[in-house]
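The values are calculated or read from the model by the stated rules, or taken from the named source; none is laboratory data. Source: prediction; values computed, not measured. A quick note on method: Cβ atoms are made from the backbone with ideal geometry, for glycine too, and the neighbour counts reach across all protein chains shown. The area values use the complete protein model at the heavy-atom level, side chains included, leaving out ligands, DNA and RNA. Shrake-Rupley method; radii C 1.70, N 1.55, O 1.52, S 1.80 Å.
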There are 2 protein chains.
Amino acid sequence: MRSSPLRTPEYDRDAVLCRAMATFREKGYAATTMQDLVAATGLHPGSLYAAFGNKHGLLLAALERYDQEQAQRTEACFAGVSPLTGLRRFFAGVAAESACTEPSTACLVAKVASELGQDPEIQARSRATLGRLEARFAEALEAARAEGELSAVANAQDLARWLMVGLQGLRAYAYGRPGPEALNAIVAQLFQSLPLA
Amino acid sequence: MRSSPLRTPEYDRDAVLCRAMATFREKGYAATTMQDLVAATGLHPGSLYAAFGNKHGLLLAALERYDQEQAQRTEACFAGVSPLTGLRRFFAGVAAESACTEPSTACLVAKVASELGQDPEIQARSRATLGRLEARFAEALEAARAEGELSAVANAQDLARWLMVGLQGLRAYAYGRPGPEALNAIVAQLFQSLPLA
DNA sequence: CGCTAATTTGAATGGGCACTCAACAAACAC
DNA sequence: GTGTTTGTTGAGTGCCCATTCAAATTAGCG
């Protein structure tokens, strides 16, 4: 029961998850082999299994980290600006990210949710992440209405959902590798469709 | 060179592709094993390989069939009604399809394009299918404008792209298993965002 | 400096995968 | 009927996958 001589792991768990995240994001779940993950993280199989149980567990941990990272990035968009400006910054960032030529810019949550639609654990985590973002959108929209940036009769919940649709549509559309101006035009169209005050 | 005694295959190529399509749509590419496909199609491995070369070739053939099927379904929406009504029918159909509880309702093209983003052949085919749909949207929008259903100043190309974003967003949002009323509300919001005359 | 409990190491393992092939069967020409 | 070409059959093949484990290594503690 008692443990005195504790040996701390030599690797940085966060860095490992970051690498694993990137690998899953690029190749998807099934196409990523444990050898890929071993190469990407620099850990040996035994250490990976000791830390995360198995490949599935590693994906879950990576999703968890992705969730945190995304929440941070989102908050950064809202910091110090009006709610509506924050939303605009958020979508401008997504458009810019989607426009870059690397295909790793896809949303890990969406990609994995599409691939592992049958897995209840993955589904739950994906839904939680997306739900949290939608709730954050709704909060921002409410605040925007309070500040007079949005029509007083607008329904924040409905519009938050609408923004989520726009977000996922934007990311999906970006798979066709359109130019950056097309993506920016889409974002502009999305904001034009909001009942701004 | 000369071939006289031809033996016709015993199976129905179209039915085989239909089954293969459904299997890929449910499980994705990597998670579908050749055994799955053998079971789904009823063919033996040798016949499958003789007909399609390999797993990748079978996916390509399935995508081709999906493309044709989707084109037919799309035209059915436009038959005998005004262009705008045709578009409404199309999106109502997608919403209804996405609302049903089976997870196999996802778009095969989108799912496969997300999973095999690195594969140029798959990418080309996906892009072609999506591009054709977008062009059909643009055509319908032009016709709607000509019939006075759409604002005269509307840009059909831009709006067609906007409908594609709405379409993919709708389908992606449906992964979270919202109720049918939410999906219908999204479609309503999409059409409200169009500059209808 | 042992002693103990933890991590690290990396070769080994068993299973399942995509794919093959040699024997067989059917269809047509003559 | 016979020959030839094609489709069918399904057990077999080798490879690569996720996972394991026993041995080596390291850190804390008296």
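Within the range A:70-80, the only residue that satisfies the criterion of being open to solvent by less than 50 Å² (accessible area, probe 1.4 Å) and either over 15 Å from the mean Cα position of the chain (by Cα) or modelled with pLDDT under 95 (or both) is A:Phe78. Return the residues of the range A:13-59 that are open to solvent by 30 Å² or more (accessible area, probe 1.4 Å) and hydrophobic (A, V, I, L, M, F, W, C); say none if nothing qualifies. Once the filter is applied, which keeps residues that are open to solvent by 30 Å² or more (accessible area, probe 1.4 Å) and hydrophobic (A, V, I, L, M, F, W, C), the range A:13-59 yields A:Ala15, A:Cys18, A:Ala22, A:Ala30, A:Ala31, A:Met34, A:Val38, A:Ala39, A:Ala50, A:Ala51. Reported count of residues in the range B:127-153, each being closer than 14 Å to B:Leu196 by Cα and surrounded by 17 or more Cβ atoms within 10 Å (Cβ to Cβ), is 8. Here is the figure for the range A:81-97: residues that are modelled with pLDDT under 95 and open to solvent by less than 30 Å² (accessible area, probe 1.4 Å) total 0.
So, A:Ala156, is that one surrounded by fewer than 20 Cβ atoms within 10 Å (Cβ to Cβ), touching a residue at least 60 places away in the same chain (Cβ under 8 Å), farther than 25 Å from A:Glu64 by Cα and small (Gly, Ala, Ser) or not? No. When B:Leu58 is tested against (1) within 16 Å of DNA strand D (Cβ to nearest atom); (2) within 14 Å of another protein chain (Cβ to nearest Cβ), just one condition goes unmet, and that condition is (2).
Among what's in the range A:144-177 and is among the hydrophobic types (A, V, I, L, M, F, W, C) and more than 15 Å from A:Pro83 (Cβ to Cβ), pick the residue that is farthest from the other protein chains (Cβ to nearest Cβ).
Looking at residues that are among the hydrophobic types (A, V, I, L, M, F, W, C) and more than 15 Å from A:Pro83 (Cβ to Cβ), I get A:Val153.
Looking only at the range A:107-123, how many residues end up being without any contact (Cβ under 8 Å) to a residue 24 or more places away in the chain and more than 11 Å from chain B (Cβ to nearest Cβ)? Count: 1. Please verify whether the range A:126-134 includes one or more residues that are at pLDDT below 95, out of contact with any Leu (no Cβ under 7 Å at 6 or more places or on another chain), within 30 Å of B:Asp119 (Cβ to Cβ) and facing chain B (nearest Cβ under 9 Å). Scanning the range A:126-134, I find no residue that is at pLDDT below 95, out of contact with any Leu (no Cβ under 7 Å at 6 or more places or on another chain), within 30 Å of B:Asp119 (Cβ to Cβ) and facing chain B (nearest Cβ under 9 Å), so the answer is no.
One residue alone among B:Thr85, B:Thr41 is polar (S, T, N, Q), more than 14 Å from every other protein chain (Cβ to nearest Cβ), within 16 Å of DNA strand D (Cβ to nearest atom) and touching a helix residue (DSSP H, G or I) at 6+ places or on another chain (Cβ under 9 Å), and that residue is B:Thr41.
Which of the residues spanning the range B:98-116 are open to solvent by less than 40 Å² (accessible area, probe 1.4 Å) and under 15 Å from the mean Cα position of the chain (by Cα)? Explain how you work it out, then say what you get.
Here is the first cut: in the range B:98-116, the residues open to solvent by less than 40 Å² (accessible area, probe 1.4 Å) are B:98-99, B:104-109, B:111-116.
Listed by number, the residues that qualify are B:Ser98, B:Ser104, B:Thr105, B:Ala106, B:Cys107, B:Leu108, B:Val109, B:Lys111, B:Val112, B:Ala113, B:Ser114.
If we scan the range B:61-69, do we find a residue that is within 14 Å of chain A (Cβ to nearest Cβ), away from DNA strand D (no atom under 16 Å from the Cβ) and either of a type in the set (Ser, Thr, Tyr) or open to solvent by less than 40 Å² (accessible area, probe 1.4 Å) (or both)? No, because not a single residue in the range B:61-69 is within 14 Å of chain A (Cβ to nearest Cβ), away from DNA strand D (no atom under 16 Å from the Cβ) and either of a type in the set (Ser, Thr, Tyr) or open to solvent by less than 40 Å² (accessible area, probe 1.4 Å) (or both). Evaluate the range B:147-163: report whether one residue or more is assigned to a helix (DSSP H, G or I) and closer than 19 Å to B:Glu97 by Cα. Checking the range B:147-163: at least one residue is assigned to a helix (DSSP H, G or I) and closer than 19 Å to B:Glu97 by Cα.
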